[in-house]
Amino acid sequence: ETGVTQTPRHLVMGMTNKKSLKCEQHLGHNAMYWYKQSAKKPLELMFVYNFKEQTENNSVPSRFSPECPNSSHLFLHLHTLQPEDSALYLCASSRERSSYNEQFFGPGTRLTVL
Amino acid sequence: GNSVTQMEGPVTLSEEAFLTINCTYTATGYPSLFWYVQYPGEGLQLLLKATKADDKGSNKGFEATYRKETTSFHLEKGSVQVSDSAVYFCALRDDKIIFGKGTRLHILP
């Protein structure tokens, strides 16, 4: 399997639930990213990992907790979310964290918080 | 800070029409500029990029030129197809990557 995959593709959860989003890349990249895509808003970069180390956290609430156990896998752990957190969550990877490197995106997880 | 502004959508055109989607940016440094495309149900895909002033990125008949004097990176295509229907995102990357809000394009057969 090639490219960037994300599971699940769709997730509905209550505000008290705990769930995790998974991202896997088969491109041999060293940088991975989480984005939030909400309707009528710019794509928001949430977290960046470079060689398994978190290099950026763009003021994301602590109810979102990322984990990068290795360069191929990235998780986003969710707990006590709010309805306004409903969005498409996109994972991306690039060769490394550089302004010149193309980012490859997964198809996203459509999250609905009830 | 850095920002990207692109034209509001949706844009609706007939097949074989000429396409322009405007994108302007503000940046303190010398960013790289990108256009990404998102087809229904998929993630974003890089369409083209330019890394310095006067560079022209091109791919699949789409073109965009990095214009430093007008701080613009407008996307153009001479003859659009129904399969070009998607959402198009302009982005810049300096220290961080910043995306525009996206422009939805509908091409009618």
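Derivation of every value follows stated rules applied to the coordinates shown; laboratory data play no part. This is a predicted model, so every value here is computed, not measured. Every residue, glycine as well, gets a Cβ built from its backbone with ideal geometry; the counts of neighbours run over all protein chains shown.
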Pseudo-spin-label distance A:His26 to B:Asp94, built 7 Å along Cα→Cβ, given in nm, is 3.9
Per the C-alpha gyration tensor (a ≥ b ≥ c, the square roots of its eigenvalues), the protein assembly as shown is rounded if a/c is under 1.5, else prolate if a/b beats b/c, else oblate; here it's prolate
Going through B:Lys56/B:Lys101; A:Lys22/B:Lys52; A:Lys18/B:Lys49; A:Lys36/B:Lys52; A:Lys52/B:Lys56; A:Lys52/B:Lys60 one by one, the pairs whose alpha carbons sit over 30 Å apart turn out to be A:Lys22/B:Lys52; A:Lys18/B:Lys49; A:Lys52/B:Lys56; A:Lys52/B:Lys60
Cys residues of the protein assembly as shown with no disulfide-compatible partner (no other Cys Cβ under 4.7 Å) are A:Cys68
In whole Hz, the Karplus estimates of ³J(HN,Hα) for region B:13-30 (6.51, -1.76, 1.60; θ = phi - 60°; x where Gly or Pro) are 9, 8, 4, 6, 6, 8, 10, 9, 10, 7, 9, 10, 9, 10, 7, 8, x, 10
Residue-ordered couplings for region A:77-85, obtained by feeding phi - 60° into the Karplus form 6.51 cos²θ - 1.76 cosθ + 1.60 and rounding to whole Hz (Gly and Pro as x), are 8, 10, 8, 6, 6, 10, x, 6, 7
For region B:83-94, Karplus-derived ³J(HN,Hα) couplings (6.51, -1.76, 1.60; θ = phi - 60°; whole Hz; x for glycine and proline) come out as 5, 7, 4, 4, 9, 10, 10, 8, 8, 10, 9, 10
Against the 2.2 N^0.38 Å rule of thumb, the C-alpha Rg of chain A sits at a ratio of 1.00
Taking placed amide H atoms and a strict 5 Å upper bound, the residues 5 or more places from B:Glu15 or on another chain that come that close are B:Leu108
